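A short write-up of the structure that comes next.
The values are calculated or read from the model by the stated rules, or taken from the named source; none is laboratory data. Quick caveat: nothing in here was measured; it's all calculated off a predicted structure. Virtual Cβ from ideal backbone geometry, glycine too; neighbours counted across all protein chains shown. Areas reflect the complete protein model, heavy atoms only, side chains present, ligands, DNA and RNA absent. Shrake-Rupley method; radii C 1.70, N 1.55, O 1.52, S 1.80 Å.
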Amino acid sequence: MTASALIGLQWGDEGKGKMVDILAADADLVVRCQGGSNAGHTVEVGGEKSVLHLVPSGILAPEVRCLIGHGVVLDAEQLLKEIETLEARGVQVAGRLFVSDRAHLVFPVHRALDQAQESKRAKGKIGTTGKGIGPAYEDKVARCGIRVGDLMRGQDLEGRITRTLDAKRPRLESLGCSVPAVAEMRSFAEEMGRRLAPYVVDGVEVVHAARRAGERIFLEGAQGSLLDIDLGTYPFVTSSNANIGGLLSGSGLPANAVGRVVGVSKAYTTRVGSGPFPTELEDATGNRLRERGNEFGSTTGRPRRCGWFDGPAARFACAVNGVTDIALTKVDVMSGFEKIGFAVAYEGPDGQRSESVPGSVEEYAAKRPVYEWLAGWEGDLGGARREADLPASLLDYIRAVEDYCHARVRWIGVGPGREHIVDRGEA
Ligand code: GDP
Ligand code: IMO
Ligand code: MG
């Protein structure tokens, strides 16, 4: 059985949570592979909204098992809160959710560092979520991180804590952050370890046992391709690989196991935090998209920057991830515009046109979008379930996305609920 992967094609918040929830109905195991509680994945079932930060969005499909893979940086307190909230709503989590022993932990000291660094940046604020993601990945790469398995085995936990604090001490002090005492951090870590213990597994073994048993594995991406640490608009990016490579390395699944790569994109574009955004609309049209699309961050509540669909950025994301199918969400939000902008190229200050996403953030910030104007559509699309229910001008728009991105749009999102979807079926 081949596995599927799902990736965000923009700057996050494309509607991945909703799509994973829908597609999990055909999965046995859903794996979160990277990122951490910076993610906010919204799933709406029967009018009830859940925002998941660490728990995979497959959890609301009752038969599905969920794994938090080793590529995730895990804030144990946040996870335990999320589990409590889900269980209070009657969602069975125990016995269905597993956490990889190789996943690195996010501690309160990481959150403090993230927030202090961000507030000290005068110019060039990244607009991080303040969840400690960057500092936790820094520790992982610097080889002074603490992993979930370290809490289980208790081996030299004190030594590990001392080393990780020593590595950060000068920076914490220079930022005016207090350095936690080793004993205090140790008792916190031990408590987290006790409470996490029922969920902890060898994640690689879980993935491969599922593969050997012929189960259907679904890899859930977080963030978006343009926020990827290598492929995104660096340095205005997150600290993990949000592309297909990050999903493989973060789960332990080999590349040749994945047969389908679903790329999720809004029919327009949004971005939270700083960084270039060529199609941004800082006018009444942008405000209208924000209000109609309820574009406020699922994790931080910040207003999202809004703009037209960015063809070059979406095509870049489809190419680097090998997207086989696109899910185009929120077409219902775009109802009522007479004309819709579709960026087909960028133009630099020298008037030179290009269709690629430049590596230099300064160069990208200087680009202006070149639009093709397509006819808009009207009406409430919330009831559409089949292609035939969609207006002809929307179908033209979908074709324009397909032609530009060289990938088929299989799913079309017409509202926030699980039922608000048009599935065009296999090609
Ligand atoms: P994610 O991070 O990619 O999972 O996306 P978020 O949950 O952060 O943001 C997407 C928002 O759009 C959520 O509020 C969803 O409920 C909502 N949403 C997803 N798909 C659709 C859709 O097709 N139409 C509408 N109106 N809302 C949608
Ligand atoms: P989901 O999975 C949107 C953005 C932040 C900031 C940058 C770095 O819900 O799509 P970080 O806290 O990761 O160090 O912040 O990345 N960011 C997201 N934006 N959706 C997300 O996740 C995001 N995760 C991080 O706003 O600009
Ligand atoms: Mg989100």
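Mind listing just one residue for me: the one in the stretch 275-296 that is over 13 Å from Lys330 (Cα atoms) and surrounded by fewer than 17 Cβ atoms within 10 Å (Cβ to Cβ) and, of those, nearest to ligand 1 (Cβ to nearest atom)? Filtering the stretch 275-296 for residues that are over 13 Å from Lys330 (Cα atoms) and surrounded by fewer than 17 Cβ atoms within 10 Å (Cβ to Cβ), the one nearest to ligand 1 (Cβ to nearest atom) comes out as Phe296.
Every residue, every condition in (1) within 16 Å of ligand 1 (Cβ to nearest atom); (2) surrounded by fewer than 24 Cβ atoms within 10 Å (Cβ to Cβ); (3) assigned to a helix (DSSP H, G or I); (4) among the charged types (D, E, K, R), yes or no:
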{"position": "Ala5", "(1), (2), (3), (4)": "yes, no, no, no"}
{"position": "Lys49", "(1), (2), (3), (4)": "yes, yes, no, yes"}
{"position": "His70", "(1), (2), (3), (4)": "no, no, no, no"}
{"position": "Leu79", "(1), (2), (3), (4)": "no, no, yes, no"}
{"position": "Gly90", "(1), (2), (3), (4)": "no, yes, no, no"}
{"position": "Val93", "(1), (2), (3), (4)": "no, yes, no, no"}
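If you filter the stretch 11-47 down to residues that are open to solvent by less than 20 Å² (accessible area, probe 1.4 Å) and away from ligand 2 (no atom under 15 Å from the Cβ), you find that the one that is farthest from Thr329 (Cα to Cα) is Leu29.
Of all residues in the stretch 182-241, exactly one satisfies the criterion of being assigned to a helix (DSSP H, G or I), within 16 Å of ligand 1 (Cβ to nearest atom) and among the hydroxyl-bearing types (Ser, Thr, Tyr), namely Ser225.
Using the structure shown, decide if Phe98 is surrounded by fewer than 24 Cβ atoms within 10 Å (Cβ to Cβ) and either within 11 Å of ligand 2 (Cβ to nearest atom) or of a type in the set (Phe, Trp, Tyr) (or both).
For Phe98, the condition - surrounded by fewer than 24 Cβ atoms within 10 Å (Cβ to Cβ) and either within 11 Å of ligand 2 (Cβ to nearest atom) or of a type in the set (Phe, Trp, Tyr) (or both) - is met.
Screening the candidates Arg171, Arg147, Arg194 for the property of being within 20 Å of Val55 (Cα to Cα), in contact (Cβ under 8 Å) with a residue 40 or more places away in the chain and open to solvent by 50 Å² or more (accessible area, probe 1.4 Å) yields one hit, Arg147. Here the stretch 305-324 is the region considered, the condition is being over 15 Å from the mean Cα position of the chain (by Cα) and within 14 Å of ligand 2 (Cβ to nearest atom), and the residue that is surrounded by the most Cβ atoms within 10 Å (Cβ to Cβ) is Cys306.
Can you tell me which residue within the stretch 402-426, out of those that are in a loop (DSSP other than H, G, I, E, B) and either free of Cβ contacts under 8 Å to residues at least 12 places away in the same chain or surrounded by fewer than 19 Cβ atoms within 10 Å (Cβ to Cβ) (or both), is nearest to the chain's Cα centre (by Cα)?
Within the stretch 402-426, the first condition is being in a loop (DSSP other than H, G, I, E, B), and the residues that meet it are 406-407, 414-416, 418-420, 424-426.
Right, trim to either free of Cβ contacts under 8 Å to residues at least 12 places away in the same chain or surrounded by fewer than 19 Cβ atoms within 10 Å (Cβ to Cβ) (or both) and you get 406, 418-419, 424-426.
Values: His406: 23, Arg418: 18, Glu419: 22, Arg424: 24, Gly425: 25, Glu426: 25 Å.
Selected residue: Arg418.
Residues that are surrounded by fewer than 18 Cβ atoms within 10 Å (Cβ to Cβ) and within 14 Å of ligand 2 (Cβ to nearest atom) do not occur anywhere in the stretch 325-340.
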